[in-house]
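Have a look at the structure below before the remarks.
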């Protein structure tokens, strides 16, 4: 499984041992807009992320600070099987979340760009997609930095969301 090193970061596939540093990020109600989840839901989500690598050969990376190995968040591409439209069933979906302590430092852009560069090189996708809450301007900014463009809107789990796509093979 790949490890990606950037100027400030190390990206490596998530592992079960990440739970102790990963779960507090997802349990943070401020970061997750009040939708933090239980330890059981967190455990199941992390298991999904870990298993994704075995099933598909790609998945969600842990983002670690290169200087000290501190956990900063996660990013990568996955098949979340959301059932939103044909894009969300047929294309890899991008994802990124960084802890509050790592925000406003360009960490999400650096990590997500590196994950996309690896993914495009390894899998040559025609396109990738992502789903972002309509009011999450910071995440939309990361998506646009990578090359995503809005192609529609939807309601997902009660939230107004933007559907974005990035074309890789023209």
Legend entry - Per-peptide average of other Cβ atoms within 10 Å, ordering 111-117, 153-159 highest first: 111-117, 153-159
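Based on the Cβ-Cβ distance from residue 169 to residue 27, what FRET efficiency comes out when R0 is 45 Å, to the nearest 0.05? Please report the intermediate quantities before stating the final value.
On the way: r = 39 Å, r/R0 = 0.86.
Once rounded, the FRET efficiency stands at 0.70.
Between residue 12 and residue 137, how high is the FRET efficiency from 1/(1 + (r/R0)^6) when r is the Cβ-Cβ distance and R₀ = 22 Å? Nearest 0.05.
Values: r = 29 Å, r/R0 = 1.31.
Taking R0 as 22 Å, the efficiency between residue 12 and residue 137 is 0.15.
Pull out the extension gain between residue 86 and residue 38, defined as 0.36 nm times the separation in residues minus the alpha carbon to alpha carbon distance; nm, one decimal.
14.2 nm
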Inset, instruction - Would you please put 127-136, 22-31 in order of how densely packed they are, using the mean number of other Cβ atoms within 10 angstrom per residue and starting with the highest? - result: 127-136, 22-31
Legend entry - Separation of the residue 67 and residue 126 label points, Cα + 7 Å toward Cβ, nm: 4.5
Inset, instruction - Could you grab the relative contact order for region 4-167? Cα pairs under 8 Å, six or more apart, rounded to a whole percent. - result: 18
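Viscosity 0.692 mPa s, temperature 37 °C: what is the translational diffusion coefficient of the chain from Stokes-Einstein with a Kirkwood Rh over Cα pairs, rounded to a whole number of µm²/s? List each step's numbers first, then the result.
Working: Rh = 16.2 Å.
For these conditions, the coefficient is 203 µm²/s.
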Legend entry - Sorted peptide list for 56-68, 79-91, criterion being average Cβ within 10 angstrom, highest first: 56-68, 79-91
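For region 106-170, what class follows from the C-alpha gyration tensor (a ≥ b ≥ c being the square roots of its eigenvalues): rounded when a/c is under 1.5, otherwise prolate if a/b is larger than b/c, else oblate? Intermediate results must be reported in sequence, preceding the final value.
Numbers: a/c = 2.38, a/b = 1.47, b/c = 1.62.
In terms of gyration-tensor shape, oblate.
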Legend entry - Helical contribution to [θ] at 222 nm, DSSP H n ≥ 4, -39,500 (n - 2.57), averaged over the chain, rounded to 500: -10500 deg cm²/dmol
Legend entry - Alpha-carbon centroids, region 79-157 and region 14-69: separation in whole Å: 16
Inset, instruction - Compute the relative contact order of region 1-94 as a whole-number percentage, counting only Cα pairs closer than 8 Å that sit 6 or more residues apart in sequence. - result: 26
Legend entry - Where labels lie 7 Å past Cα in the beta-carbon direction, separation of residue 160 and residue 117 in nm: 3.6
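Coordinate-derived values only; no laboratory data. Just so it is clear, the structure is predicted and the values come from calculations on it, not from any experiment. Because the Cβ atoms are built from the backbone with ideal geometry, glycine has one as well, and the counts that use them run over all protein chains shown.
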